[in-house]
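**Student:** Structure provided below as structure tokens; questions to follow.
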Amino acid sequence: MQRPRLTTLAVSVGLLWVTGGAIAGDRLDHDEIKQLREAGQILPMSEVMASAQTVQPGQLVEAELERGDGAYLYEIKILAADGTVHKLELDAATGEVLKH
């Protein structure tokens, strides 16, 4: 009886693995990012950071470009002067801050 349980578990884990990227947002590799930038579909990081700095001044800690719901989003973490880390989401095509 152990085999059917293991098979069910393996299928369940496989489905989670396959759908996990769609749930968590698709991360892009550097080649895809370069192509999107060259095609003008996303802004360069310097423009995105300029937009983010108007909302939250500080030092860049981390930046990720993700694809979700048919749009590209930058998720940026900024370290403020007081030591707090702020997470922002920006529209990668326009630089508009969507979440702070």
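Each value in this text was obtained by applying a stated rule to the coordinates, not by laboratory testing. Treat the numbers as computed from the prediction; the structure is a model and nothing was measured. Note that each Cβ is placed from the backbone with ideal geometry, even for glycine, and that neighbours are counted across all protein chains shown.
**Student:** Relative to the present Cα-Cα distance, how much length would full extension add between S46 and D31 at 0.36 nm per residue of separation?
**Tutor:** Roughly 3.6 nm would be gained on extension.
**Student:** Below 20 Å, Cα to Cα, which lysines can K34 reach? Residues fewer than 8 away in the same chain don't count.
**Tutor:** Of all the lysines, none pass the test against K34 - Cα under 20 Å, at least 8 places apart if same chain.
**Student:** How far apart, in nm, are two points set 7 Å out from the Cα along the Cα-to-Cβ line at A81 and at E38?
**Tutor:** Going from the A81 label point to the E38 one covers 4.1 nm.
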